[in-house]
Structures are given as C-alpha cells and as structure tokens.
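Chemist: Have a look at this one.
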Amino acid sequence: MNLCVLASGWGSNLSSIIHSRKTGKISSDIVLVISNNSASNALNIARENQIPAVHLSAKQFSSEAEYENRFFELLKQYKVDMIILAGYMKMIPVRIVKEYKNRILNIHPALIPSFCGKGLYGLKVHEAVLEYGAKVTGVTIHLVDEEYDTGPIVIQRTVPVNDNDTAETLQKRVLEVEHEIYTEAIKLFETKKFNISGRRVFFT
Ligand code: GRF
C-alpha cells in the first residue's frame, strides 16, 4: 500500500512508522506526509527520510473547495491507498473521508469511548484520565468517519495508571504502546481481509 501520513505535531508516530518500514515490519511505503502546521517536526522527519513533505492548510486557499481539491489532488498524485492520522489536529474534509471510506486510520491515546472527542488531545487526555481516577488507560486505533473519534475500532491496548503517574509520565508510557500498535494495525490492513458488522471490525 501507499501510505500518506497526516501529522500536526512532534511526529513520533510518523518516525516509528518509518522505522517499521525500514526494518521490514510493514511493507507499505510512506509516499507522502502532510501537515497543516508549517512548524510541525513531522515535516522535518519526512524530509530527512526523503519523503515528500507538504504543508497544507485551508488558510492557504480562498475557499474550502479549493483546499479540498488540492488535498484530493495530492492524494491522487501520490497514488495514496491509505491515510494514517498521527496526531493530526484537523478534521479531514468530508469528501476525502467518503472517498477513502475504511481506509483512514486514527490513533487516540486513551480507550475510546472514554476520554475522547473534541478538545481532548495531547496532555489533556492524560490529565483527564488522572483527574477521573481511572486505573487503566490505553491506546485506540480506529477507522475515521465524519466525527471526532467515533469510527469503528481496529485495535485497543491497555496501559495501567500508576499511583505516582503525572500526565507526562503517563503520556510517555502510552506513546510507547502507540508506536507498537500503529505498526500492528497497518500490518493487519496489509495482510488480512476485513469486514465490518455494525461497529465491529473483524480481520480474517
Ligand atoms: C499521539 O499521542 C496520538 O495518539 C495523538 O497525538 C499524539 C501525536 O504524537 N493523536 P506524535 O506527534 O506522533 O509524537
């Protein structure tokens, strides 16, 4: 598969996916990296790895339609089969969600449907977990639909919350699991067939 990774921030998930490609854990090529944030480290990581890196933001266009057209054009130009959201802070245009139905993955640093939705991102997720007093958190990889964090779940993995955790220590441990299971999820889509019944995703 040809993967396009969308990222807004630091890009550790992008790095980990590139590493998985280099070490043969996945066979898909990362053909394009897009960020809405020109200062995103993900763009640097892509360039260092000779992967085309594009800063694409709706603010660069005079209309939403022009922005969507450019987005779509890029995906076609690089023959993208699957879109991987790795800390991407913007909604994907609905037209692209529809065109890439069941071919867009997102990662969330908690166990959906807990601690998710609009406004819950980054450290805020881990702060909310600690404030609630949850004893277990984790990582969710899900397919993307038109809403925040609501698409069918592909993989979930738990991470215990320790008594001495801060949002930062929890984030660090959760991130390690994120890196492991994003690779697993991509591999599932590479090597298995899947079907979806209601919200349940089955790999066969
Ligand atoms: C990760 O915690 C991911 O789950 C969330 O955004 C963060 C991105 O981290 N969606 P990074 O930029 O990949 O380091």
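The values are calculated or read from the model by the stated rules, or taken from the named source; none is laboratory data. Only a predicted model underlies this, so the values are computations on that prediction, with no experimental measurement involved. Neighbour counts run over all protein chains shown; Cβ positions are idealised from the backbone, glycine included. All accessible areas refer to the heavy atoms of the entire protein, side chains included, with ligands and DNA or RNA removed. Shrake-Rupley method; radii C 1.70, N 1.55, O 1.52, S 1.80 Å.
Chemist: How many residues, within the range 84-115, are assigned to a loop (DSSP other than H, G, I, E, B) and more than 10 Å from the ligand (Cβ to nearest atom)?
Modeler: Adding up the residues that qualify gives 13.
Chemist: Here's another thing I want to ask about it. Taking the condition of being more than 19 Å from Glu73 (Cβ to Cβ) and open to solvent by 10 Å² or more (accessible area, probe 1.4 Å), how many residues in the range 31-55 meet it?
Modeler: 10
Chemist: Given (1) open to solvent by less than 10 Å² (accessible area, probe 1.4 Å); (2) without any contact (Cβ under 8 Å) to a residue 40 or more places away in the chain, where does Ile155 come up short, assuming only one miss?
Modeler: (1)
Chemist: Now a separate question. Looking at the range 56-83, which of the residues that are among the aromatic types (Phe, Trp, Tyr) and open to solvent by less than 60 Å² (accessible area, probe 1.4 Å) is farthest from Leu3 (Cα to Cα)?
Modeler: Among them, the one singled out is Phe61.
Chemist: To continue, here is another question. Report every pair of residues separated by at least 6 positions or lying on different chains whose Cβ atoms are under 6 Å apart, first residue within the range 100-116 and on the phi < 0 side of the Ramachandran plot and among the hydroxyl-bearing types (Ser, Thr, Tyr), second modelled with pLDDT of 95 or more and not in a loop (DSSP other than H, G, I, E, B).
Modeler: Short answer, once both residue conditions are applied: Tyr100/Ile83.
Chemist: Name the one entry in Arg70, Arg103, Arg21 that is charged (D, E, K, R) and farther than 24 Å from Ile181 by Cβ.
Modeler: Checking each option against the conditions leaves just Arg70.
Chemist: Is it the case that Ala86 is open to solvent by less than 80 Å² (accessible area, probe 1.4 Å), within 12 Å of the chain's Cα centre (by Cα), of a type in the set (Gly, Ala, Ser) and under 28 Å from Glu176 (Cβ atoms)?
Modeler: Spelling it out, Ala86 is indeed open to solvent by less than 80 Å² (accessible area, probe 1.4 Å), within 12 Å of the chain's Cα centre (by Cα), of a type in the set (Gly, Ala, Ser) and under 28 Å from Glu176 (Cβ atoms).
Chemist: Can you find a residue that is more than 25 Å from Val139 (Cα to Cα) and of a type in the set (Lys, Arg) anywhere in the range 41-48?
Modeler: Yes - at least one qualifying residue is present in the range 41-48.
Chemist: Lys118 is checked against (1) at pLDDT 95 or above; (2) farther than 25 Å from Phe194 by Cβ and fails just one. What number does that condition carry?
Modeler: In the conditions (1) at pLDDT 95 or above; (2) farther than 25 Å from Phe194 by Cβ, Lys118 misses (1) alone.
Chemist: Determine, yes or no, whether Ala134 is assigned to a helix (DSSP H, G or I), small (Gly, Ala, Ser), touching a residue at least 12 places away in the same chain (Cβ under 8 Å) and away from the ligand (no atom under 11 Å from the Cβ).
Modeler: no
Chemist: Here's something else I'd like to know. Would you mind stating whether Glu178 is open to solvent by 70 Å² or more (accessible area, probe 1.4 Å), of a type outside the set (Gly, Ala, Ser) and not in a strand (DSSP E or B)?
Modeler: Against the criterion (open to solvent by 70 Å² or more (accessible area, probe 1.4 Å), of a type outside the set (Gly, Ala, Ser) and not in a strand (DSSP E or B)), Glu178 does not qualify.
Chemist: To continue, here is another question. Return the total of residues in the range 110-146 being open to solvent by less than 20 Å² (accessible area, probe 1.4 Å) and within 17 Å of the chain's Cα centre (by Cα).
Modeler: So the answer is 10.
Chemist: So, one more: Please go through the range 1-45 and give me each residue that is touching a residue at least 24 places away in the same chain (Cβ under 8 Å), in a loop (DSSP other than H, G, I, E, B) and among the small types (Gly, Ala, Ser), ordered by number.
Modeler: Ala7, Ser8, Gly9, Gly11, Ser27, Ser28, Ser40
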